[in-house]
Every structure is written in C-alpha cells, then in structure tokens.
Amino acid sequence: MYQYIAIISKLIAVSFYDSNGGGTYNVVVPKVDASSNNLATIVQIVLGVIGSAAVLVIVIASIQLVLSGGNPQSVQRARETILWAVIGLVVVVSAYTIVTFFAGKL
C-alpha cells in the first residue's frame, strides 16, 4: 500500500516540474483563472446544497417525531436532530449571507 502511495506522490511531484534541457528542472505552478465571482458562485452552490440537505434532515426528523408513537427516546432523538439541523441551517444561511456580501465588495 505504501509503495503505491510513494509512486503516486512521485508522479504528482514530477508533473509539476519542467526540464529546461540542461538536466535541471524548474517548478511549474499551474495557473488558475479564478475571479472572486467564480469563487463566490462555487461557495454559494455548495452552501445551497448543504442547506437543502439540512432542510431534508428536518423533514425526515419531523416524520420520525410524528411516527414515534409517544416513545420518549424516539421523541428526544427526533427533537435533537431537528435542533441540530436548524442550528446547521442558521450557520449555512449566515455563511451564505457573508459570502454574498463580500463577493459584492470584491
């Protein structure tokens, strides 16, 4: 296993070097064209997916709460799941707001 990791890491390292013909190598840094709008769009998409997952978790936990049949352990677990999903949703909405605000400023 370690042999494969060593081979792969060497291949990756060699791919960033460029020979100038004299036996020496220059490091080649890949160029990335990423503007603030591109990065903001990517972050907004990722946060949107995470927010959608949080809403889905809230819906599933709500169904579990309704179907718990009064079992105190199931009710408690469903309530905790809803609480943590709502906290996560608040964090995602806050991050989305901050990214959108600063993306407009850059």
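The values are calculated or read from the model by the stated rules, or taken from the named source; none is laboratory data. Remember, predicted model here, so these are calculated numbers, not experimental data. In this analysis, Cβ positions are derived from the backbone assuming ideal geometry, glycine residues included, and neighbour counts consider all displayed protein chains.
Restricting to the range 71-106, name every residue that is outside any helix (DSSP H, G or I) and closer than 30 Å to N38 by Cα. Outline the logic, then answer.
Restricting attention to the range 71-106, the residues satisfying the condition of being outside any helix (DSSP H, G or I) are 71, 106.
Across the range 71-106, the qualifying residue is only L106.
Looking at the range 52-70, is at least one residue of a type in the set (S, T, N, Q), under 20 Å from V93 (Cα atoms), in a helix (DSSP H, G or I) and within 19 Å of the chain's Cα centre (by Cα)?
At the first step, the residues of the range 52-70 found to be of a type in the set (S, T, N, Q) are 52, 62, 64, 68.
Okay, now just the ones that are also under 20 Å from V93 (Cα atoms), so 52.
Narrowing the set further to residues that are in a helix (DSSP H, G or I) leaves 52.
Checking the rest, the ones that are also within 19 Å of the chain's Cα centre (by Cα) come to 52.
Yes, the range 52-70 has at least one match.
From Y2, Y96, grab the single residue that is in contact with a helix residue (DSSP H, G or I) (Cβ under 6 Å, 6 or more places away or on another chain) and modelled with pLDDT under 90. Give the steps one after another, and end with the answer.
Working: Y2 fails: in contact with a helix residue (DSSP H, G or I) (Cβ under 6 Å, 6 or more places away or on another chain).
Going through Y2, Y96 in turn, the sole match is Y96.
Only residues that are out of contact with any Phe, Trp or Tyr (no Cβ under 9 Å at 6 or more places or on another chain) and among the hydroxyl-bearing types (S, T, Y): list them for the range 32-86, please.
Residues satisfying the conditions are S35, T41, S52, S62, S68, S74, T81.
Here's the yes/no breakdown for (1) without any contact (Cβ under 8 Å) to a residue 40 or more places away in the chain; (2) surrounded by 14 or more Cβ atoms within 10 Å (Cβ to Cβ):
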site	(1), (2)
G51	no, yes
V66	yes, no
G88	yes, yes
Y96	no, yes
